[in-house]
Amino acid sequence: MSTLQEAPPEAPRRLSLPVATLIGLLALAAALGVGHLVAGFVGYTASPFIAVANYVIDHSPTGIVKWAERTLGTWDKPVLKLGLGVVLVLFALLAGQLSRRTPRAGQVLVFLLGAAGVAAVYARSDLGQISLLAPVAALVAGLAVFTWLHRLALPPDVVHDRGFDRRKFLRAGVGVVAGSGVAAVVGQVAGTSADAEDSRAAVGPLVPARTAPPLPADADFAKLGSPPFLTPNADFYRIDTALVVPQLRTEDWSLRIHGMVDREVTFSYADIRSRPLVERRVTLTCVSNEVGGPLISNASWIGVDLADLLEEAGVQAGAQQMFATSVDGWTCGTPANVALDRTRGAMLAIGMNGEPLPVEHGFPARIVIPGLYGYVSATKWVKSLEFTRWDDRQAYWLSRGWAEQAPIKTESRIDTPAAFARVSAGKVRLAGTAWAQHTGIAKVEVRLDQGPWLPATLSAEVSKDTWRMWWAELDVPPGSHQAFVRATDQDGYTQTENRADPVPDGATGWHSVTLNAS
Ligand SMILES: Nc1nc2c(c(=O)[nH]1)N[C@H]1C(S)=C(S)[C@@H](COP(=O)(O)O)O[C@H]1N2
Ligand SMILES: [Mo]
């Protein structure tokens, strides 16, 4: 016993360092386990850990979030969870350390942590009040376990203190670990059992009444190193703020169109599914994409004309923006005139490359609007479209310093050879992609170092709303050289050489790769 209780009975009683530490960690485990258990029944994202992580995403400086998207890609969320986990463990250790004589300081710290969880759930617009039960249960469990274990290790009543009972304490600790684990697993199973995948599998084939024309054979130069014309769903870039992908069944989804409209209307999935469906190829691009970056992909979308739905609602003349909200509370503002313009071809999409939308790309339904960056158009898991004025509502990225109007900028990229590739001197073939959604690409040119611009061969134009592939040959002498690409769109605009950052409305500049020829 004496190893765990450092001081002789007459000295001030206090917990050993390892025991104090263990108490903090076990209280944390209990809080997270119980929180996750209750969240499984009242709303998965109400799990305190997830809610706090979501809060961090929503309230981090926009520069950091966009930096994480660019540099960490799809790893941004695991890295965030890991970071948050480390912070929590440090708090637990601190709570233990501060409570070696009396539990008071640790209890206050556990309470504050629990209160942060409650606040994070309270701050979410997509969770009802009942979901507060999850972080409240976590707070209570954390406090109770902390207090109980502390009493066990250091009874407040000195007279009956028969010294530290190591066995009893360890048994309690094992019990807390096992109980927290079981609670977390039950919560996980309950929270994800209403699985969207089952619902998605039950949708059945989506057969468009108006199919897109067949793809020409030379829609891409994939054999020469350009991207494939249609991006397979599994390779399609993904950007969103959702830490947990919203899990919706078709029967739980609906779309409400309201605000400055003559008649508020609500559509169910069955309503949309039973309409004549259209198929349209549209290339999506993220405003965060750096020059030469990967945040662009192309798909064949199946859905209905958004203009048809808006016509039924009767959008009023003074409406300036279509303010879209997703089930996870993310928001997006689109210029109303673009959403209403029939010739633009905005869609409510339910299918992607012949399948129902993948869950991470917005199942059951999302918005797709040709020619606008995703953050001002492409709301996934969309549940509401409200027509308002710009002054009435500020969308998610708008309030974080990104532009209100964000048409996609004309850009081009070299896909092959890769940067710093070793090539044989002589004729080197380049291939890549160029895009100017809703305007169309007119010309792509390449050049070596400061040499003349040479025209590239373009793939067939499938649609002005999709990217266009190109290939070209350059004569590369031995040594290190830089190959450049630039595109000209059908409005006659040639890409500027001036480099601009993605903030606030998209990057500009020529993409180049360094080639090492020998
Ligand atoms: N609900 C929701 N929809 C969203 C976002 C989001 O964070 N949440 N991000 C938008 C952004 S910034 C982009 S670029 C596109 C990306 O769509 P994708 O993930 O299907 O490629 O989705 C848009 N729709
Ligand atoms: Mo984006």
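Derivation of every value follows stated rules applied to the coordinates shown; laboratory data play no part. It should be emphasised that the depicted structure is a prediction, and the values quoted were computed from it without experimental measurement. As a convention, Cβ positions derive from the backbone with ideal geometry for all residues, glycine included, and neighbour counts pool all protein chains shown.
Once the gyration tensor of the Cα atoms in segment 253-352 is diagonalised, the equivalent ellipsoid follows with semi-axes of 24, 18, 14 Å, ordered largest first. Axis of helix 166-192 versus longest Cα principal axis of the chain: the two differ by about 30°, to the nearest ten degrees. Here the Debye sum runs over all C-alpha atoms of segment 306-378 as equal scatterers in vacuum, and log10 of I(q)/I(0) at q = 0.19 Å⁻¹ comes out as -0.81. Peptide packing for 427-437, 403-413, 85-95 was compared via the average number of neighbouring C-beta atoms within 10 Å per residue; ordered from the highest value, the list is 427-437, 403-413, 85-95. A Förster radius of 25 Å combined with the Cβ-Cβ distance from residue 290 to residue 82 puts the calculated FRET efficiency at roughly 0.50.
Summary value for segment 222-400: 27 percent relative contact order, contacts being C-alpha pairs under 8 angstrom separated by 6+ residues. For the chain, please report how many Lys pairs fall under 20 Å Cα to Cα, leaving out neighbours fewer than 8 apart on the same chain. Qualifying lysine pairs in the chain: 9.
Geometric descriptor of segment 452-518, per residue, is 125 Å³ (volume of the convex hull of the Cα atoms). The three principal axes of the Cα atoms in segment 71-142 give end-to-end lengths of 45, 34, 15 Å, sorted in falling order. Listing 467, 330 from fewest to most neighbouring C-beta atoms within 10 Å gives 330, 467.
Taking each residue as 0.36 nm, the span from residue 394 to residue 263 lengthens on full extension beyond its C-alpha to C-alpha distance by 44.8 nm. Placing +1 on the Cβ of every Lys and Arg and -1 on the Cβ of every Asp and Glu, with no other charges, gives segment 17-191 a dipole of roughly 500 debye about its Cα centre.
Let me know the Kirkwood hydrodynamic radius for segment 31-152, please, with Cα pairs as the basis and the value in Å to one decimal.
Here the Kirkwood hydrodynamic radius works out to 15.2 Å.
Relative contact order (percent) for segment 411-517, with alpha-carbon contacts under 8 angstrom and 6 or more residues of separation? Result for segment 411-517 is 35 percent. Each Lys and Arg adds +1 at its Cβ and each Asp and Glu adds -1 at its Cβ; summed about the Cα centre, the chain shows a dipole of about 1700 debye. For the chain, the Cα-based Rg and Dmax, in that order, read 28.5, 93 Å. In percent, rounded to a whole number, the relative contact order of the chain is 14, using alpha-carbon pairs under 8 Å and six or more apart. The share of Cα pairs per 10 Å bin across segment 67-107, counted from zero up to the longest distance, runs 29, 28, 21, 17, 5 percent.
In plain terms, the C-alpha convex hull of segment 112-270 casts an average shadow of 18.8 nm² when viewed from every direction. Each of 358, 370, 16 was scored by the projection of its Cα onto the charge dipole of the chain, and the greatest displacement toward the positive side belongs to 16; charges sit on the C-beta of Lys, Arg, Asp and Glu. Measuring nothing but alpha carbons in segment 367-501 and taking Rh as the Kirkwood radius, the Rg to Rh ratio lands at 1.09.
Per residue, what volume in Å³ does the convex hull of the Cα atoms of segment 222-400 enclose?
Working: hull volume 21.8 nm³, N = 179.
Enclosed volume per residue, from the Cα hull, is 122 Å³.
Its Cα gyration tensor gives segment 376-429 an equivalent ellipsoid, and the semi-axes of that ellipsoid, as √(5λ) in whole Å with the largest first, are 43, 13, 10.
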